[in-house]
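Working notes for the structure below.
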Amino acid sequence: MKLLKIGIRFWITLTSVLSFLSGWVMLAHAPKPNQANFSSSSVAAPLPTLEPLNPLSGSDDNNNFQNQPLFSVQPSVRSQFKPAFRTGGS
Amino acid sequence: MIRSIEFRAMNTSVMLAAEGEGAIPGMYAAKAFIDECEQRFSRFLPASELSDLNRSTGDWLQISEDLMDMLQLSMKYYAETNGIFDPSILSDLKQIGYDRSMDEIRAHGVNVPERVPNRTSRPAFHELSFDLATSRVRLPRGMEIDLGGIAKGWIVQKAAQLLHQYVEVCGVSAGGDILFIGRPLDGTDWDVYLEDPRSPTEMLTQLHVPSGAVATSSIMKRTWSQGEKIRHHLIDPRMGEPAKTDWLSVTVISPSVIEAEVYAKAILIAGEKELPNLLKRKQDLTFIAVDSDGDLSGSSNYKEYMYEFTSNAF
């Protein structure tokens, strides 16, 4: 009985080590992800063409907004039923 | 639906509102205009056109059409208010410590020592000379100009006119100087909240204005300490000192934002006693004065612009 236990433990240890090593070897020889993409690029679907964005204003002659500096920080626009104006001097 | 943007310019908060298809490009165009005007007409920027003018004292200087317009308007209102509106009080302002922007004063305090005012040391504003044919002006030696409020009113008017090229209905406010062009498309009036000068986060009343301008002048907004004294920015040109006023703030409702701005200041400085003389030729001017208890008084028609609240309205 004691001999059987030792045998089972040895068997479990041996199969665990062998499984780990075989897994290591398999992963080491597997193709890398970018290699896989590269090899399949010849059959990749063409990129869709995006439609140009609609201007914020429908009226072209009023589009001075497009002349603003590209990277200037503009305050965000709020939409309200009626904005609250305040007066109290400055 | 009304679109609006808020931002800071001219050391105060600015709000633009517009209704219609061109609202967004129009508001950004108006903002760009206001930002450009600040660079041109601020006395705190050494490269501004106004600083050039103040450095040219004693000599003729060619100026832009816009600055000429502001100076001529200033002269008109100087005459109309018998000198109570006077943009040549800059040397007095500097003497009481307002020699840098209010943001800087709030951060670092003033470093101008308290002195007895010397009213006779500066020339009168009407001594300024114009040469319209060559677009030149000459400040008499010793005169310095602070366009302050009138420049703000002028910029609000021009920005509103610019925005109006994009939309039928719009409003522009800079530090409480407001001009509305057109009435909101739902047919109601514009709402304007009147701040309590004792506590500007609280509102005293709500006004309704179909179109036109509202402007307020207050002695409570720009205040600072100079030695033992609490100073404010409204100089009484007759004394060369911060005005001792009967009220804390005055609000004027008028078709013109420049007129509203000028008369709000003039009424506040003149006080109750001088009021009949000041308004002799402006009998129809609507104004609301707020005293130190927060009580309202004013022209005979000012209540027409106030909402009537019933007891259960709140």
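The values are calculated or read from the model by the stated rules, or taken from the named source; none is laboratory data. Keep in mind the model is a prediction, meaning the values are calculated, not measured. Cβ coordinates were reconstructed from backbone atoms using ideal geometry, including for glycine residues, and neighbour counts include every protein chain displayed.
Screening B:Gln165 with (1) closer than 28 Å to B:Leu53 by Cα; (2) out of contact with any Leu (no Cβ under 8 Å at 6 or more places or on another chain); (3) among the polar types (S, T, N, Q); (4) within 8 Å of chain A (Cβ to nearest Cβ) gives one miss only, at (1).
Evaluate region B:35-44: report whether one residue or more is in a helix (DSSP H, G or I), away from every other protein chain (no Cβ under 14 Å), buried (at least 19 other Cβ atoms within 10 Å of the Cβ) and in contact (Cβ under 8 Å) with a residue 40 or more places away in the chain. Yes: one or more hits. Scan region B:225-244 and give yes if some residue there is of a type outside the set (A, V, I, L, M), within 16 Å of B:Thr81 (Cα to Cα), buried (at least 22 other Cβ atoms within 10 Å of the Cβ) and within 13 Å of chain A (Cβ to nearest Cβ), otherwise no. Within region B:225-244, none of the residues are of a type outside the set (A, V, I, L, M), within 16 Å of B:Thr81 (Cα to Cα), buried (at least 22 other Cβ atoms within 10 Å of the Cβ) and within 13 Å of chain A (Cβ to nearest Cβ). A Cβ distance below 7 Å, combined with a sequence gap of six or more or placement on separate chains, defines the contacts here; from region B:1-13, residues that are more than 7 Å from chain A (Cβ to nearest Cβ) reach residues that are in a strand (DSSP E or B) in the pairs B:Arg8/B:Val14; B:Met10/B:Ala174; B:Ser13/B:Glu6. Taken over region B:28-69, the criterion of being touching a Phe, Trp or Tyr at 6+ places or on another chain (Cβ under 6 Å) and of a type in the set (A, V, I, L, M) is satisfied by B:Leu50 alone. How many of the residues in region B:93-113 are surrounded by 15 or more Cβ atoms within 10 Å (Cβ to Cβ) and either under 18 Å from the mean Cα position of the chain (by Cα) or under 18 Å from B:Pro46 (Cβ atoms) (or both)? Result for region B:93-113: 8. When B:Val214 is tested against (1) more than 8 Å from chain A (Cβ to nearest Cβ); (2) in contact (Cβ under 8 Å) with a residue 40 or more places away in the chain, only condition (1) is not met. When the criteria are applied in full, B:Ser199 fails the requirement of being among the polar types (S, T, N, Q), under 28 Å from B:Asp291 (Cα atoms) and modelled with pLDDT of 95 or more. The condition (being assigned to a helix (DSSP H, G or I), at pLDDT below 85 and away from every other protein chain (no Cβ under 12 Å)) is satisfied by just one residue among A:Gln66, A:Gln35: A:Gln35. Of the residues in region B:234-248, not one is touching a helix residue (DSSP H, G or I) at 6+ places or on another chain (Cβ under 8 Å), at pLDDT 95 or above and aliphatic (A, V, I, L, M).
Conditions tested, residue by residue: (1) within 21 Å of B:Val192 (Cβ to Cβ); (2) out of contact with any Asp or Glu (no Cβ under 8 Å at 6 or more places or on another chain); (3) modelled with pLDDT under 95; (4) outside any strand (DSSP E or B).
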site: B:Glu274; (1), (2), (3), (4): no, yes, yes, yes
site: B:Arg281; (1), (2), (3), (4): no, no, yes, yes
site: B:Phe287; (1), (2), (3), (4): yes, yes, no, no
site: B:Glu308; (1), (2), (3), (4): yes, yes, yes, yes
site: B:Phe314; (1), (2), (3), (4): yes, yes, yes, yes
